[in-house]
1. How big is the equivalent ellipsoid of the stretch 13-151 along its three axes, where each semi-axis is √(5λ) from the Cα gyration tensor, reported in whole Å from largest to smallest?
2. For n ≥ 4 DSSP H runs only, could you compute -39500 (n - 2.57) per run for the chain, divide by its residues and tell me the 222 nm figure to the nearest 500?
3. In whole Å, how far is the Cα centre of the stretch 149-185 from that of the stretch 307-370?
4. Report the one residue of 175, 343, 152 whose Cα lies farthest in the direction of the positive end of the charge dipole of the chain (charges on C-beta: Lys and Arg +1, Asp and Glu -1; origin at the Cα centre).
5. Quick one: net charge around residue 171, please, counting Lys, Arg +1 and Asp, Glu -1 for every other residue with C-beta under 11 Å from its C-beta.
6. Projecting each Cα onto the charge dipole of the stretch 48-122 (Lys/Arg +1, Asp/Glu -1 at the beta carbon, about the Cα centre), which of 60, 102, 80 comes out farthest on the positive side?
7. Expressed in whole Å with the largest first, what are the equivalent ellipsoid semi-axes of the chain derived from the C-alpha gyration tensor as the square root of 5 times each eigenvalue?
8. About the Cα centre of the chain, how large is the charge dipole given +1 on each Lys and Arg Cβ and -1 on each Asp and Glu Cβ? Please answer in debye to the nearest 20.
Amino acid sequence: FRYSSFFGPIHPMSHSTGAGSMDRGPLAVAFIGDAYVDLQTSTLQSLPLWGQDRTVDSIQVLPGGAACNSARHFASVCVSDIGACNYGTPSICCVIGDDTLGALMYSHLSSTTAQLDVNGVLQPKGIPQSVCMVLTGATDRAFISSNSSNEQLTAKHISEKQIFTGHDHVHIAGYFSCEGLQSDTFFHLVAQAKQQRPMLTISLDTQYDASHTWKGKDGCLLNLIALCDVFLPNEDEAKGIAGTTESVAAALDWLMAAAPQTLVVIKCGGDGVCAGLGGIKWTMKTRKLAAAELVDTNGAGDAFNCGFLYECIAGLHALRKSCAGTSWHHDPAFSDLVVRSLQSGCAAGTWCVQQHGACSNLMKVENLAPSQTTG
């Protein structure tokens, strides 16, 4: 979400698993994907050339990764939404390193503040923690990443942890950072889950493809997008996948045609968001921030995903259940749900860019109020 305008051995936290919770209480939500330790600079005025140096006021060590950022924010919103939350304890499925930075990452994931189920966190012997160097500019950011532990996440681990059989919604994030998610095996795992559990909903945010191929290692990405209920790229990712250098509108049209049953939501930073499904399109503008309000753009897209999904998942499940398999996305209530979800996502993203770090401060339900949008 590019605006111009999250020691020692693992002890799983309690969480129910099984066939999902559609008919037995709160919805079960899981997050699959990347887990980084971010080494984040304070504002950098310009990038150094080879052989040069630049100084910044500080470099912080922070929890990061698209999946972990969204999961920790989502869990925090659940805790703060007293008496009104539709969700049980969210789960996180990722791989962390067997080193000091991995222990630091686990301490954030297992924090009682976030209240995440960490039963799906794997810590293989001898694998270093994935690290992302975040170079923070005045209005944007750049990254240098090592995916050492992220690359260890496999379809086998996800299947063993019953992520798709034990949850009502699964959010896949950091696809391009996790080589195991780009496999034909993972695609078939998702396809089988959707076939066996028609009420299961899935969302996807690929993040940036450093290889610039935009297809995934086994070329499964477009087929995976078409299986998802919601696809959440930013504008650069949408254009890369669509293979266009034209407008965001052109990328949206291409993605809607390629995945006609998927709600495509493209995050456009300070310009807001656009979305489309089945010939219907939505746009939402965010409140323009003053220069003094804009603190740090890192993680704003992950915050948007949290806000959007927190509003959307429960509404989508209720709507699909009430429509009993008919064309639920043609129901006027669906359009209202999309608008509310976009408002919630934009509010979350706007709140995030006014904080230091992707999720060093965790979101509360009051941060999802739609006062940050202009319609």
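The values are calculated or read from the model by the stated rules, or taken from the named source; none is laboratory data. Values in this document were obtained by computation on a predicted structure and should not be read as measured data. With ideal geometry, Cβ positions are generated from the backbone for all residues, glycine too; neighbour counts draw on all protein chains shown. Heavy atoms of the whole protein, side chains included, go into the accessibility calculation; ligands, DNA and RNA do not. Shrake-Rupley method; radii C 1.70, N 1.55, O 1.52, S 1.80 Å.
1. They are 33, 18, 11 Å, listed largest first.
2. Computed ellipticity for the chain at 222 nm equals -9500 deg cm²/dmol.
3. So the separation of the two Cα centres works out to 23 Å.
4. Farthest towards the positive pole: 343.
5. Once all neighbours under 11 Å are counted, the net charge is -3.
6. Checked the options; the winner is 80.
7. Largest first, the chain gives 28, 25, 21 Å.
8. 520 debye
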